[in-house]
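What follows is a single structure, written as structure tokens, with notes after it.
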Amino acid sequence: MHSSLSKDLTELTTDRLVLRIWAVAEALAVLECEGSARPADWAGDFPSEGDRVIASLLGDNPAWLGAYGHRLIVERDSGLVVGSIGLFWPPADGVLELGYGVVASRRGRGYATEATRALAAFALTAPGVHTVAAGVELSNPASVRVLEKAGFERYDTTTAEDAEGVARFAITRPDLGK
């Protein structure tokens with residue numbers, strides 16, 4: 001996989017995707033899109049509930065709008081926004097948390113893996129960051145597979161009485177070359 005970064009760090013380009021920083025106007029559009037006109041550059045099923053949650057949190061977390069924050073996932077061929085991926089800045093003891101989501105109409109194409117691999121590699125270039133971590137519910141095997149295919153390794157699993165559990169995955173600088 002090939003990826004490149006724009007000079008101003010606003011866009012990370014992979015073979016099939018552009019990961020671009022959310023603009024405040026885009027977050028507002030996500031929050032206001034219920035029952036109103038939708039931007040022409042959104043996939044028909046964007047935004048998902050997860051995208052709405054992130055958009056609602058951006059105002060309280062301005063660092064998430066920076067280079068090491070949250071990004072929209074854009075299909076290069078169509079120019080459509082098909083999901084979002086992000087880093088929960090700032091890092092805690094050198095660890096950054098990553099989250100992602102791709103709309104249902106674009107799942108199964110490897111987009112989440114491609115975006116996760118690229119953003120994790122970029123995150124590991126940030127000063128003081130040595131690990132990118134992610135949690136996934138075991139009831140979501142497709143998401144577990146995304147992390148595995150992106151080079152993350154499972155390091156913990158927790159279970160709760162009312163849930164199947166959550167697996168924790170991480171990738172570190174030395175893991176990146178695998």
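The values are calculated or read from the model by the stated rules, or taken from the named source; none is laboratory data. Note that this is a predicted model, so its numbers are computed, not measured. When we count neighbours, we look across all protein chains shown, and the Cβ atoms used for this are built from the backbone with ideal geometry, even at glycine. Note: areas computed on protein heavy atoms with side chains; ligands, DNA, RNA excluded. Shrake-Rupley method; radii C 1.70, N 1.55, O 1.52, S 1.80 Å.
State whether one or more residues within the range 50-65 are hydrophobic (A, V, I, L, M, F, W, C), touching a residue at least 24 places away in the same chain (Cβ under 8 Å), in a helix (DSSP H, G or I) and more than 29 Å from G128 (Cβ to Cβ). There is no residue in the range 50-65 that is hydrophobic (A, V, I, L, M, F, W, C), touching a residue at least 24 places away in the same chain (Cβ under 8 Å), in a helix (DSSP H, G or I) and more than 29 Å from G128 (Cβ to Cβ). Looking across D8, D45, one residue alone is assigned to a loop (DSSP other than H, G, I, E, B) and without any contact (Cβ under 8 Å) to a residue 60 or more places away in the chain. It is D8.
Within the range 81-96, does at least one residue satisfy the condition of being within 28 Å of S4 (Cβ to Cβ) and in a loop (DSSP other than H, G, I, E, B)? Yes, the conditions are met somewhere in the range 81-96.
Assess whether R20 counts as being surrounded by 17 or more Cβ atoms within 10 Å (Cβ to Cβ), at pLDDT 95 or above and either touching a strand residue (DSSP E or B) at 6+ places or on another chain (Cβ under 9 Å) or within 19 Å of L124 (Cα to Cα) (or both). Criteria met by R20. Within the range 92-105, the set of residues being over 11 Å from the mean Cα position of the chain (by Cα) and crowded, with 20+ Cβ neighbours inside 10 Å comprises L96, V103.
Find all pairs meeting these conditions: Cβ atoms under 9 angstrom apart; at least six residues apart or on different chains; first residue within the range 85-113 and under 15 Å from G135 (Cα atoms) and aromatic (F, W, Y); second residue at pLDDT below 95 and surrounded by fewer than 17 Cβ atoms within 10 Å (Cβ to Cβ). As it stands, the answer is F88/N61; Y100/G50, since those pairs meet every condition given. If you go through the range 147-171 and keep only what is open to solvent by less than 60 Å² (accessible area, probe 1.4 Å), at pLDDT below 95 and either farther than 27 Å from G108 by Cβ or assigned to a helix (DSSP H, G or I) (or both), you end up with just A160. Exactly one residue out of G99, G108 is out of contact with any Pro (no Cβ under 6 Å at 6 or more places or on another chain) and part of a loop (DSSP other than H, G, I, E, B): that is G108. Among the residues of the range 131-146, at least one is part of a loop (DSSP other than H, G, I, E, B), open to solvent by 10 Å² or more (accessible area, probe 1.4 Å) and more than 25 Å from G44 (Cα to Cα).
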